[in-house]
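Here is the structure we will look at, set down as structure tokens.
The values are calculated or read from the model by the stated rules, or taken from the named source; none is laboratory data. Quick caveat, the model's predicted, so the values are computed rather than measured. Virtual Cβ from ideal backbone geometry, glycine too; neighbours counted across all protein chains shown.
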């Protein structure tokens with residue numbers, strides 16, 4: 001009999017069993033704890049540390065941006081413990097979409113799945129635009145000039161060195177990097193993970209070098225006042241500025257949840273997933289705090305409202321060769337973020353397709369490569385188009401609010417499942433339930449409050465579009481609501 005209720009949920013046993021139920025749609029188990037941790041670091045350290053740190057310091061928090069990262073890290077720590085329990089308990093590739101399906105039911109699962117498109121696909125497009133800016137700057141350093149009109153979105157006014165301006169036509173470098181990474185992901189998860197591991201090593205080396213070298217050139221007077229006085233407007237310095245800064249740089253933490261989408265491809269998910277999620281989160285939070293402290297000690301915070309604040313910090317040190325190295329590190333950092341976000345989006349669609357909420361071709365796995373190739377190609381194409389034609393604008397805030405919304409439901413899922421499925425096997429148990437998940441929910445809501453009203457309105461519009469798609473397609477093809485549609 002069909003389950004007709006919108007709140008109908010999948011049982012934990014059914015979710016785990018469905019991971020291996022469909023012939024020809026198995027994902028290969030090739031990832032160990034090291035690769036999963038590297039995947040998390042690859043997703044987390046990117047646009048946040050190389051771009052948004054300076055913007056948030058200059059506009060919102062001043063040197064207290066370090067406290068913004070502490071606040072964001074605390075919120076993620078509570079959420080990360082919840083993710084670890086659920087990823088070990090439900091080793092499938094649906095992330096918070098799957099967890100919500102097991103708790104609040106299908107309609108909320110769809111909302112989260114649709115919401116995650118903001119985080120993964122739009123996040124990848126946003127980071128690709130940042131990647132384009134760094135590669136253009138690096139190539140200029142070695143004497144290669146890319147026409148500004150071919151490295152900016154249509155209508156974007158680009159100011160040249162001589163003071164003149166040109167208007168962007170298309171962002172070709174952004175398209176190029178998405179195309180390359182999409183092809184790599186289609187060719188195989190194992191190969192993609194190897195490349196990611198190498199790029200993460202390069203990126204970490206550069207970040208640690210910046211901290212180690214920069215600390216000797218810090219001018220303590222740049223840290224005073226540590227918390228600039230509020231200007232009279234919420235979010236403009238003072239304590240509210242720390243909150244607004246934390247909400248903005250939360251973009252820097254997105255990605256650790258993308259690690260949970262790799263659960264179905266982990267060799268030992270019950271052990272490897274908690275290590276990967278918590279390990280990558282701890283490493284990155286410590287590095288963020290140190291980088292923010294060094295950067296605001298090198299350059300007055302008011303001068304950091306630039307696309308490449310880390311490079312500006314290196315310029316203050318006076319080592320030109322290091323500036324080039326930093327740009328290379330930024331490129332590898334941004335590349336790994338795009339790679340993991342594209343990967344995560346295809347795995348979300350893979351799971352939603354198996355549930356019938358998305359068209360079936362999203363779940364087609366290549367017989368030899370064992371990757372969801374059609375889904376990956378379509379996602380890469382759409383993301384490339386968005387990156388080619390859209391300026392960064394407010395996408396960062398949109399990605400942040402979408403992520404925080406998903407995190408709230410993940411924390412709620414832990415509380416719910418502890419009661420509804422108390423006898424289920426939990427290889428990793430989040431400590432202090434329900435206190436830890438409740439704190440995770442409260443911290444995420446606090447950060448969401450720090451975002452402007454217009455961002456909330458855009459989220460509502462996005463969710464309305466998603467609900468329209470669900471009501472017109474998803475509910476009529478749902479395997480849970482119409483079991484006869486399941487393919488055996």
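At-a-glance table
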item: Residues of region 365-381 classified as over 18 Å from residue 180 (Cβ atoms) and either surrounded by fewer than 16 Cβ atoms within 10 Å (Cβ to Cβ) or free of Cβ contacts under 8 Å to residues at least 24 places away in the same chain (or both), total; result: 4
item: Filter pass, residue 82 being touching a helix residue (DSSP H, G or I) at 6+ places or on another chain (Cβ under 8 Å), closer than 30 Å to residue 225 by Cβ and crowded, with 24+ Cβ neighbours inside 10 Å; result: no
item: The lone exception for residue 74 - which of (1) buried (at least 24 other Cβ atoms within 10 Å of the Cβ); (2) modelled with pLDDT of 85 or more it fails; result: (1)
item: Sole residue being surrounded by 13 or more Cβ atoms within 10 Å (Cβ to Cβ), touching a residue at least 40 places away in the same chain (Cβ under 8 Å) and part of a loop (DSSP other than H, G, I, E, B), chosen from 154, 225; result: 154
item: Among (1) under 30 Å from residue 362 (Cα atoms); (2) surrounded by fewer than 17 Cβ atoms within 10 Å (Cβ to Cβ), the one test that residue 213 misses; result: (1)
item: Selection count where residues are more than 14 Å from the chain's Cα centre (by Cα) and buried (at least 21 other Cβ atoms within 10 Å of the Cβ), scope region 39-57; result: 6
item: Among (1) over 21 Å from the mean Cα position of the chain (by Cα); (2) under 16 Å from residue 253 (Cα atoms) - the single one residue 467 does not satisfy; result: (2)
item: Filter result for the condition that a residue is under 23 Å from residue 86 (Cβ atoms), at pLDDT 85 or above, buried (at least 18 other Cβ atoms within 10 Å of the Cβ) and over 23 Å from the mean Cα position of the chain (by Cα), over 447, 409, 417; result: 417
item: Residue match in region 16-39 (condition: modelled with pLDDT of 75 or more, assigned to a loop (DSSP other than H, G, I, E, B) and more than 20 Å from residue 290 (Cβ to Cβ)); result: yes
